[in-house]
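Student: Before anything else, here's the structure in question.
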Amino acid sequence: MTKPAPHSATTGRPLVAHTPDELRGALSDAGSVALVPTMGALHGGHRSLMRLARDRADTVVVSVFVNPLQFGPDEDLDRYPRDLPGDTALCAEEGVDVVFAPAVETMYPLPQMVTVDAGAMGERLEGASRPGHFTGVLTVVAKLFHLVRPDLAVFGEKDAQQIALVRRMVADLDMPVEIAGVPVQRDPDGLASSSRNVYLSDAERASALSLSRALTAGRRAAADGPDAVRAAARAVLEEAAGAEPPVEPDYLALVDPATFAEAPADHEGEAVLAVAARVGTTRLIDNVSVTL
Ligand code: PAF
């Protein structure tokens, strides 16, 4: 079968669809489809997701939707950065075919009554700090899968718990889509790429670097076991708590990647060392994998 030319190859611009009907039109005769779900404010980390999608599918769709269902009442929904023209320009550079940017009323025409329950894994770490967050994430991801019907969906591993839960949803609910993860992308100073980095002042950014330093210190202690990994990472965070501006840790955990439950002292094999902390008013997360 002849592979259809990507839309961006013939027009130089992705087609921007705002409604399910426009999306369906854009995806007629699309061949294999890869979806990169995002909340916009796209950065270098998103580029790496798009590149994997571009390599793997005939048609690449990037969704840009700041999903109210995954934000708590005191979180940054209102100030979350939004820049559809900038996002569309970045997608054009990456050869994306379709940008799906629905309005909130389009995604949620009725108050959402039926949702996807993330189970016990969704209540740990991020889920404990942000009650309901993963129900919101899985519900919107399931809706996007139904609207776009991708063969492949690409997620960043910076949100390690999110991608683990998406994989589990796909397995548990028999969703016909392959999930691919892309390793955490870091700026040259080590800070994990995130749309929320734009909130940081220079001084806050300098303090925020302690997150990746803590993870590196933890990983270096892997040969001495889980408790040593936690202690090495904690020591860096404790020092950063006294920095100016201070880093206020939310959690630091070494967890089993299949469940996100704490790895026991005799854990062997792969684990995830994950951290969340607030610097000023910005909440940041990061993680590394550790082999024990
Ligand atoms: O990772 C994100 O940007 C969001 O949680 C996602 C997967 C796009 C769902 O809103």
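Student: Return M175, M50 ranked ascending by Cβ neighbour count within 10 Å, so the fewest neighbours appear first.
Tutor: So the residues, fewest neighbours to most, are M175, M50.
Student: Just to be sure I understand: with springs between alpha-carbon atoms less than 10 Å apart, which residue in G25, G190, G181 has the highest mean-square fluctuation in the Gaussian network model of the chain?
Tutor: Largest GNM mean-square fluctuation: G25.
Student: Rounded to the nearest 20 debye, what is the charge dipole size of the chain about its Cα centre when +1 sits on each Lys and Arg Cβ and -1 on each Asp and Glu Cβ?
Tutor: About 500 debye.
Student: By how many degrees, between 0 and 90 and to the nearest 10, does the Cα long axis of helix 84-93 differ from the longest principal axis of the chain?
Tutor: Once rounded, one gets 80 degrees.
Student: Then there is this: Using 0.36 nm times the number of residues separating A92 and D117, minus their current alpha carbon distance, what extension gain do you get?
Tutor: 5.5 nm
Student: Report, in degrees rounded to the nearest 10, the 0 to 90 angle that the Cα long axis of helix 133-148 makes with the longest principal axis of the chain.
Tutor: So the helix axis and the longest Cα principal axis differ by about 20 degrees.
Student: Considering only DSSP beta bridges with both partners in the chain, what is the antiparallel share in %, to the nearest 5?
Tutor: If I count the DSSP bridges inside the chain, around 50 percent turn out antiparallel.
Student: Please list 3J(HN,Hα) in residue order for region 23-37, calculated via the Karplus relation 6.51 cos²θ - 1.76 cosθ + 1.60 where θ = phi - 60°; whole Hz, with x for glycine and proline.
Tutor: Along region 23-37, the couplings run 5, 4, x, 5, 9, 5, 6, 8, x, 6, 10, 10, 10, 10, x Hz.
Student: Something else: Write down, largest first, the equivalent ellipsoid semi-axes of the chain in whole Å, where each equals the square root of 5 times an eigenvalue of the alpha-carbon gyration tensor.
Tutor: Its equivalent ellipsoid spans semi-axes of 33, 20, 19 Å.
Student: So which GluC sites (Glu not before Pro) in region 186-292 pass both tests, a DSSP loop state and at most 16 other Cβ atoms within 10 Å of the Cβ?
Tutor: Within region 186-292, the qualifying GluC sites (Glu not before Pro) (loop, at most 16 other Cβ atoms within 10 Å) are E268.
Student: If you plug each phi of region 274-287 into the Karplus form 6.51 cos²θ - 1.76 cosθ + 1.60 with θ = phi - 60°, what whole-Hz ³J(HN,Hα) values come out, in order, with x for Gly and Pro?
Tutor: Result, rounded to whole Hz: 10, 9, 9, 7, 9, 10, x, 9, 9, 9, 10, 10, 7, 7.
Student: With axes computed from alpha carbons, what is the tilt in degrees of helix 226-241 against the longest principal axis of the chain, rounded to the nearest 10 within 0 to 90?
Tutor: Orientation of helix 226-241: about 90 degrees from the principal axis.
Computed from the coordinates by the stated procedures, all read-outs in this text should not be read as laboratory data. Computed from a predicted model, the values in this text were never measured in an experiment. Note that we place each Cβ from the backbone using ideal geometry, even for glycine, and neighbour counts take in every protein chain shown.
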